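The values are calculated or read from the model by the stated rules, or taken from the named source; none is laboratory data. What you are looking at is a predicted structure, and each value in this text was computed from that prediction instead of being measured. Cβ sites come from the backbone with ideal geometry, for glycine too, and all protein chains shown count toward neighbours.
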Amino acid sequence: MVLKYDRCCLLLGAVAIFLALFASGQAVSQAKNPVAASDETAAPITQGQRVFTCGHSFHYWIPPILTNMAEGAGIHGHVAVGLSAIGGSRVIQHWDVPDDKNQAKKALREGKVDVLTLAPMHQPDDGIKKFAALALEHNPNVRVTIQEFWIPWDKFEWPFKGNPDAVNFDAAKIAELRAMHAPYFKTFDDYVLDLNAKLGKQVVYVVPTGQAVLALREKIIAGQAPGLSKQSDLFSDKLGHPRPPIQALAAYCQFAVIYRTNPVGLPLPNILANAHKPEWDGKLNRLLQELAWDAVTSHPQSGVKSAATPVLKTKDR
């Protein structure tokens with residue numbers, strides 16, 4: 001009987017040690033990645049969000065398009081709280097606006113913001129960290145989105161030192177574009193991972209607009225983009241300011257991240273409907289929605305999983 005008791009104790013002890021080691025391993029894993037998204041985190045959001053936007057000319061047109069899309073999805077209560085628009089800006093420039101004029105800080109301190117969208121110019125800067133910390137201080141459930149965008153002039157250089165007249169979007173090859181964007185995307189992804197680790201939870205989310213734009217350019221090259229015959233159809237100038245198709249694509253990416261909902265099936269947004277381009281119709285709209293959803297669900301720091309419920313409430317038109 002004593003022998004059996006000893007064996008039982010040894011077995012229980014081994015189980016206890018295993019459970020302790022397992023729990024320790026889990027703790028270490030969480031310490032390395034404290035911001036891993038849970039199924040609950042990835043669930044679609046149906047409540048309208050209060051959104052404040054800070055950005056440059058590749059981003060500050062987002063609010064009305066996003067509002068239009070939220071309405072099209074039947075989401076009630078979406079509010080564009082405010083906008084800080086500074087051309088060619090880094091995030092720190094929005095932070096450094098004097099407090100008596102800084103509407104972003106005011107809204108955050110009053111707890112009026114559910115989502116703050118930011119768009120750094122080329123490289124992350126301390127403004128992101130400062131805004132994220134302030135936002136989290138006044139709203140424990142706040143989310144900050146960072147737009148990774150397409151590189152201006154098709155050249156990874158800021159400020160640009162080349163000859164704008166030499167820029168030829170239509171000559172670009174997708175492999176070259178992806179290779180050029182890769183270090184830019186990695187810099188942002190690494191920064192966001194590190195920042196979230198310091199914050200102790202996922203507060204900052206990546207909106208992979210640049211990846212979606214590259215996918216759209218690949219479709220154009222392959223002749224698979226309805227209403228778009230060449231890459232330059234996407235841009236209004238050599239710098240790369242977006243025309244309505246990219247603006248709609250970027251807003252779909254924001255919508256997918258903010259509401260964790262598939263935009264496929266939403267009606268033609270006003271940005272396309274009012275462009276006086278009949279060829280920018282439901283077929284192109286559908287493609288933009290699919291590319292946005294694919295980019296967002298493929299990015300590990302978007303907070304969105306592909307299992308999220310699709311909209312499919314309306315038909316393309």
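Quick rundown of the values:
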item	result
Residue check for L108: more than 30 Å from L239 (Cα to Cα), assigned to a helix (DSSP H, G or I) and at pLDDT below 95	no
Selection within region 121-154 - touching a strand residue (DSSP E or B) at 6+ places or on another chain (Cβ under 6 Å) and surrounded by fewer than 17 Cβ atoms within 10 Å (Cβ to Cβ)	none
Candidate set from region 196-217 (those that are part of a helix (DSSP H, G or I) and touching a Pro at 6+ places or on another chain (Cβ under 8 Å)); member that is surrounded by the fewest Cβ atoms within 10 Å (Cβ to Cβ)	A197
Residue satisfying all of: in region 218-241; of a type in the set (A, V, I, L, M, F, W, C) and part of a helix (DSSP H, G or I); surrounded by the most Cβ atoms within 10 Å (Cβ to Cβ) among these	L234
Among residues of region 69-104, those that are touching a residue at least 40 places away in the same chain (Cβ under 8 Å), part of a helix (DSSP H, G or I) and buried (at least 20 other Cβ atoms within 10 Å of the Cβ), counted	5
Filter pass, P98 being within 22 Å of H299 (Cβ to Cβ) and in the same structural domain as H56 (by TED's automatic domain parsing)	no
Every pair of residues 6+ apart whose Cβ atoms lie under 9 Å, when the first sits in region 160-173 and is in the same structural domain as Q231 (by TED's automatic domain parsing) while the second is of a type in the set (G, A, S)	V167/G240; N168/S232; F169/S232; F169/G240; D170/S232
Residue list for region 123-150, filter: within 18 Å of Q247 (Cα to Cα) and in a loop (DSSP other than H, G, I, E, B)	E148, F149, W150
Residue check for G77: small (G, A, S) and either within 24 Å of Y252 (Cβ to Cβ) or modelled with pLDDT under 95 (or both)	yes
Test: residue in region 155-165 that is in contact with a strand residue (DSSP E or B) (Cβ under 8 Å, 6 or more places away or on another chain) and part of a loop (DSSP other than H, G, I, E, B)	no
